[in-house]
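Q: Before anything else, here's the structure in question.
The values are calculated or read from the model by the stated rules, or taken from the named source; none is laboratory data. A quick note: this is a predicted structure, and the numbers were derived from the prediction, not measured. Virtual Cβ from ideal backbone geometry, glycine too; neighbours counted across all protein chains shown.
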Amino acid sequence: MQQSLIAFGLSKEHLVSITPDLWAEGETAKAFEVLGRRAAERGLDLRVASAFRDYDRQVRIINGKWAGDRPVIDGEGRLLDRARYDDDEWLNSILRFSALPGTSRHHWGTDLDIWDASAAGEDYRPLLSPPEYEPSGPFFEMTRWLDELIAADDAEGFYKPYAVDRGGIAPEAWHVSYRPAALNYQDMVSAESLIPLWRGEPDDNGKIHEPLAMLEVIEPQVDHLLERFVLAP
Ligand SMILES: [Zn+2]
């Protein structure tokens with residue numbers, strides 16, 4: 001399987017099932033199991049809210065937000081009104097929380113959004129919002145435990161690529177990445193390989209995908225956008 005197909009969320013061949021409806025890269029799944037056992041020893045119950053997401057689903061998310069059919073929120077969780085923003089501002093608001101198709105770390109299967117069922121109960125539906133992971137929120141204990149392990153480089157290979165606000169992607173306390181596998185994909189993102197996909201031209205398997213609705217806004221500033229919203233440490 002070509003690495004570029006995996007990097008852009010166009011392949012599922014490297015994935016294993018971690019719950020009936022969630023998929024992750026094989027080594028990532030194994031490492032997360034170990035991390036989960038260590039968490040359980042501390043009374044935590046690590047759960048995965050989202051794992052692998054494919055290219056087509058990311059197109060539907062981005063196009064839906066562009067059209068105003070899906071909610072777009074600001075850093076405080078407030079719903080934004082499409083009519084009050086010009087195209088560039090609207091694109092930037094979308095990209096703060098949603099990746100351009102082909103650039104999401106969730107395409108790789110190496111990245112997971114996690115929460116703690118011991119603190120919120122089995123039936124809780126995590127919002128993946130900053131307050132849940134802050135000192136007054138239910139997942140703070142898990143966050144503190146995991147951040148200590150990460151700081152000591154003792155988190156089974158996991159780290160938080162979006163821990164610090166770099167002016168592009170919002171900090172995501174819930175997003176962890178399995179570094180040994182993620183390293184294979186993070187340098188593959190480039191405008192030359194993505195723009196044809198975004199235009200709806202066939203991928204390396206000859207498969208056609210839905211074009212991006214806001215491509216004319218993106219194309220003139222694509223290098224800047226990739227630099228600001230894609231690169232993660
Ligand atoms: Zn995530």
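Q: Show the residue pairs meeting these rules: Cβ distance below 9 Å; 6+ apart or different chains; first residue within the stretch 105-119 and at positive phi; second residue assigned to a helix (DSSP H, G or I).
A: Correct list of pairs: G109/I6; G109/G26; G109/T28; G109/A29; G109/A181.
Q: Kindly establish whether L149 is surrounded by fewer than 19 Cβ atoms within 10 Å (Cβ to Cβ) and at positive phi.
A: Spelling it out, it is not the case that L149 is surrounded by fewer than 19 Cβ atoms within 10 Å (Cβ to Cβ) and at positive phi.
Q: Looking at K12, K65, can you tell me which residue is out of contact with any Leu (no Cβ under 9 Å at 6 or more places or on another chain) and more than 25 Å from E156 (Cα to Cα)?
A: K65
Q: Return the pair list, or none, for Cβ contacts closer than 7 Å from residues in the stretch 3-28 that are assigned to a helix (DSSP H, G or I) and modelled with pLDDT of 95 or more to residues that are of a type in the set (S, T, Y) and buried (at least 18 other Cβ atoms within 10 Å of the Cβ), at least 6 apart or on different chains.
A: Partner pairs satisfying both residue conditions: E27/Y178; T28/T110; T28/Y178.
Q: Looking only at the stretch 97-140, filter to residues that are among the charged types (D, E, K, R) and more than 13 Å from the ligand (Cβ to nearest atom); which one of those is surrounded by the most Cβ atoms within 10 Å (Cβ to Cβ)?
A: Here the residue is D116.
Q: Let me ask something additional. Scanning the stretch 132-185 for residues that are touching a strand residue (DSSP E or B) at 6+ places or on another chain (Cβ under 9 Å), at pLDDT below 95 and charged (D, E, K, R), which turns out farthest from A40 (Cα to Cα)?
A: The qualifying residue farthest from A40 (Cα to Cα) is E172.
Q: Here is a follow-up. Of R47, R53, which residue is part of a strand (DSSP E or B), surrounded by 17 or more Cβ atoms within 10 Å (Cβ to Cβ) and modelled with pLDDT of 95 or more?
A: Every option except R47 fails the conditions.
Q: List every residue pair whose Cβ atoms lie under 7 Å apart, where the two residues are 6 or more positions apart in sequence or sit on different chains, the first residue falls within the stretch 121-146 and is outside any helix (DSSP H, G or I), and the second residue, located anywhere, is within 14 Å of the ligand (Cβ to nearest atom) and hydroxyl-bearing (S, T, Y).
A: Pairs found: F139/Y133.
Q: Within the stretch 81-96, track down each residue that is within 16 Å of Q221 (Cα to Cα) and hydrophobic (A, V, I, L, M, F, W, C).
A: Once the filter is applied, which keeps residues that are within 16 Å of Q221 (Cα to Cα) and hydrophobic (A, V, I, L, M, F, W, C), the stretch 81-96 yields W90, L91, I94, L95.
Q: Checking N63 against (1) under 22 Å from L100 (Cβ atoms); (2) out of contact with any Asp or Glu (no Cβ under 9 Å at 6 or more places or on another chain): exactly one of these is not met. Which one?
A: (2)
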